[in-house]
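Beneath this line is the structure, given in structure tokens, with notes to follow.
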Amino acid sequence: MEKMAVESGEILEPQGTGLNRKQLAWGIFLLAVAVIFGLGAGWLWACLEQLSSSGKVFFFILPGWPLVFCGLLVSGLSAVAGSLCLVPRMFGGIRRKSIRVFVRILGHLLVTAASLIWLCFWLLSGLYSIVSIQHKVTAETGESVLVEEPGFDPASFAVYAPASAFVYERIDGISGMAESRHFVADHCTLQKQDADLILTCGVDVTKFPNPSN
């Protein structure tokens, strides 16, 4: 009878509720990736806010805001995948139903709150990416500038010169308004003329002193 009771008790216990090593490793790895990309995107966000207030922009293959957008996207997806590896099995390992239900509700509330915060930052960075578009233009002589379309006024634009490896500083003295009333930044050419640079974007021509002189 004692043996049967033990066997019955074993049958009633939930099976396969623990975490195996592979799930644990993947869960920890994915959550670590989420934290790294999230912190990186947050750090870049803070840098962009500081640079934009001083008339500078960050550009590394892509403009700064799309990098923030991609970083937050990878962080969010990794966090979801890591949570799916760890959380359900951890909840299933709690044998007392009342505690299991309480922990599950609490976990869902925390995940929902974190998801809303992440979604807010992700959408904001995506909005910044769409509204402000930068294109790098390089002359045959090696000079380069960054042309920006703010996105609110189709006639407005800004030109930035390299200040360091990945930071461009706004060039003063340019009117910033296209004569054609519709500036197109992705069809620009740059030419050097004596001590000046000539930026041609469609029918709009902008002449300004060479910042490298």
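The values are calculated or read from the model by the stated rules, or taken from the named source; none is laboratory data. This one's a predicted model, so the numbers in the text were calculated from it and none came from an experiment. Don't worry about glycine lacking a Cβ; one is built from the backbone with ideal geometry, like all the others, and counts go over all protein chains shown. These area figures cover heavy atoms from the full protein model, side chains too; ligands, DNA and RNA do not enter into them. Shrake-Rupley method; radii C 1.70, N 1.55, O 1.52, S 1.80 Å.
LEU199 passes all but one of (1) part of a helix (DSSP H, G or I); (2) open to solvent by less than 50 Å² (accessible area, probe 1.4 Å); (3) aliphatic (A, V, I, L, M); which number fails?
(1)
Filtering segment 184-195 down to residues that are within 30 Å of the chain's Cα centre (by Cα) and of a type outside the set (A, V, I, L, M), which residue is least open to solvent (accessible area, probe 1.4 Å)?
Only one residue fits best here, namely CYS188.
Check segment 85-98 and report whether any residue there is open to solvent by 60 Å² or more (accessible area, probe 1.4 Å), under 19 Å from LEU31 (Cβ atoms), at pLDDT 80 or above and in a helix (DSSP H, G or I).
Scanning segment 85-98, I find no residue that is open to solvent by 60 Å² or more (accessible area, probe 1.4 Å), under 19 Å from LEU31 (Cβ atoms), at pLDDT 80 or above and in a helix (DSSP H, G or I), so the answer is no.
What about TYR168, is it of a type in the set (Ser, Thr, Tyr) and outside any helix (DSSP H, G or I)?
For TYR168, the condition - of a type in the set (Ser, Thr, Tyr) and outside any helix (DSSP H, G or I) - is met.
Is there a residue being among the β-branched types (Val, Ile, Thr), within 23 Å of VAL159 (Cα to Cα), surrounded by 13 or more Cβ atoms within 10 Å (Cβ to Cβ) and under 19 Å from the mean Cα position of the chain (by Cα) anywhere in segment 56-68?
yes
Could you identify the single residue in ARG170, ARG181 that is over 20 Å from the mean Cα position of the chain (by Cα) and either exposed (fewer than 12 other Cβ atoms within 10 Å of the Cβ) or over 27 Å from LEU48 (Cα atoms) (or both)?
ARG181 is the lone residue from the list that is over 20 Å from the mean Cα position of the chain (by Cα) and either exposed (fewer than 12 other Cβ atoms within 10 Å of the Cβ) or over 27 Å from LEU48 (Cα atoms) (or both).
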